[in-house]
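The values are calculated or read from the model by the stated rules, or taken from the named source; none is laboratory data. Computed from a predicted structure; not experimentally measured. Here Cβ is always computed from backbone atoms with ideal geometry, including for glycine, and neighbour counts include all displayed protein chains. Calculation scope for accessible area: heavy atoms of the full protein, side chains included, ligands and nucleic acids excluded. Shrake-Rupley method; radii C 1.70, N 1.55, O 1.52, S 1.80 Å.
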Amino acid sequence: MNSARIDRALKILQYLGHHQEGATLKRICGDLSMPMSSAHDLLRALEEIGAVRIADQRTYYLGPRSLVLALSIVDAVDLRQISRPYLAELCEELNENTYLALRSGNTVTYADRYEAGQTLSVVMKLGGPRPLHGSSIGKLITAYNADLEKLVLGTPQLDQLTPFTRTNRTELRKELETIRARGYSVSDGESVEGIIGLATPVASASGAIEAAVHVSAPRGRLAPDRLPQVLAAMSRTAAAISAQLGAPADAVAEKSLEEIVASEEKRLANAG
């Protein structure tokens, strides 16, 4: 399908979105100045994939797939708006770049960020997919979503992004279990050497974990004596955002500094 055809399909969907009472083929063509044969072919294709539905053999409405997509977009926008003041406050508190990460299909990506004034900082590209097995946000969201965990552990060959990327499935399965138990994820040089990435879970109103608060910095700025304090602040931020989204009280538990210190001592001991 060429770009002009995609553009016409999107115009039809936008039109039906603004005419929830439905519209006939003739009306759509007249209002959009579109050839009837072209519009008919597009509507048939959109109907086949569930983006459009037809009633009475003549009136077209938005289909279930379009409605799900629209709701997903609204949810993502609302999440960004809700999280921004919390990310800004966390950025100021830590003097580190802070990010909002989101699940997008079978990938995770950075959706928003606040930049600190550090001379040496790690600036992650917004919108780009991150590896599910080799990044803190990827491992975190995979750990809380059974379908992603099945996908990752079933991948024939996981990319060795750095010498520290975990590609052994048995080890990766165990780490995902540990992430769920301790409530945060750490990536130490697994996607970029010398960089530590941290992620804490954000829950939606349904309790699903499809978003995360993220911080990444050079290893020297996230030394063992500081890292638990950063994670505690991130956990507090993620819990606050989750509460604003209407998440169940037990969906995301804020981790205390003492809990995180204990978890980090265990993680470092196992890594050693």
Looking only at region 229-251, which residues are more than 12 Å from LEU90 (Cβ to Cβ) and open to solvent by less than 10 Å² (accessible area, probe 1.4 Å)? SER242
Would you call ASP31 touching a Phe, Trp or Tyr at 6+ places or on another chain (Cβ under 9 Å), open to solvent by 40 Å² or more (accessible area, probe 1.4 Å) and in a helix (DSSP H, G or I)? yes
Given the criteria open to solvent by 10 Å² or more (accessible area, probe 1.4 Å) and modelled with pLDDT under 90, does THR155 qualify? yes
Identify all residues within region 70-80 that are open to solvent by 70 Å² or more (accessible area, probe 1.4 Å), farther than 16 Å from ALA101 by Cβ and modelled with pLDDT of 65 or more; write none if there are none. ILE73
Search result, residues across region 197-228 that are of a type in the set (Gly, Ala, Ser), farther than 25 Å from GLN160 by Cα and crowded, with 20+ Cβ neighbours inside 10 Å: ALA203
Identify, by number, the condition in (1) at positive phi; (2) surrounded by 15 or more Cβ atoms within 10 Å (Cβ to Cβ) that GLY194 doesn't meet. (2)
Criterion: modelled with pLDDT of 90 or more, of a type outside the set (Val, Ile, Thr), closer than 30 Å to SER206 by Cβ and assigned to a strand (DSSP E or B) - qualifying residue of LEU46, LEU100: LEU100
Among the residues of region 21-32, what is the count of those that are closer than 13 Å to ALA9 by Cα and either hydroxyl-bearing (Ser, Thr, Tyr) or under 37 Å from the mean Cα position of the chain (by Cα) (or both)? 2
Where THR165 falls short, out of the listed (1) open to solvent by less than 50 Å² (accessible area, probe 1.4 Å); (2) under 19 Å from ILE209 (Cβ atoms); (3) among the polar types (S, T, N, Q): (2)
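Rundown of residues vs (1) of a type in the set (Lys, Arg); (2) in contact with a helix residue (DSSP H, G or I) (Cβ under 9 Å, 6 or more places away or on another chain); (3) at pLDDT below 90; (4) not in a loop (DSSP other than H, G, I, E, B), yes/no style:
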| position | (1), (2), (3), (4) |
| --- | --- |
| ARG84 | yes, no, no, yes |
| THR109 | no, yes, yes, yes |
| LEU120 | no, yes, yes, no |
| GLU149 | no, yes, no, yes |
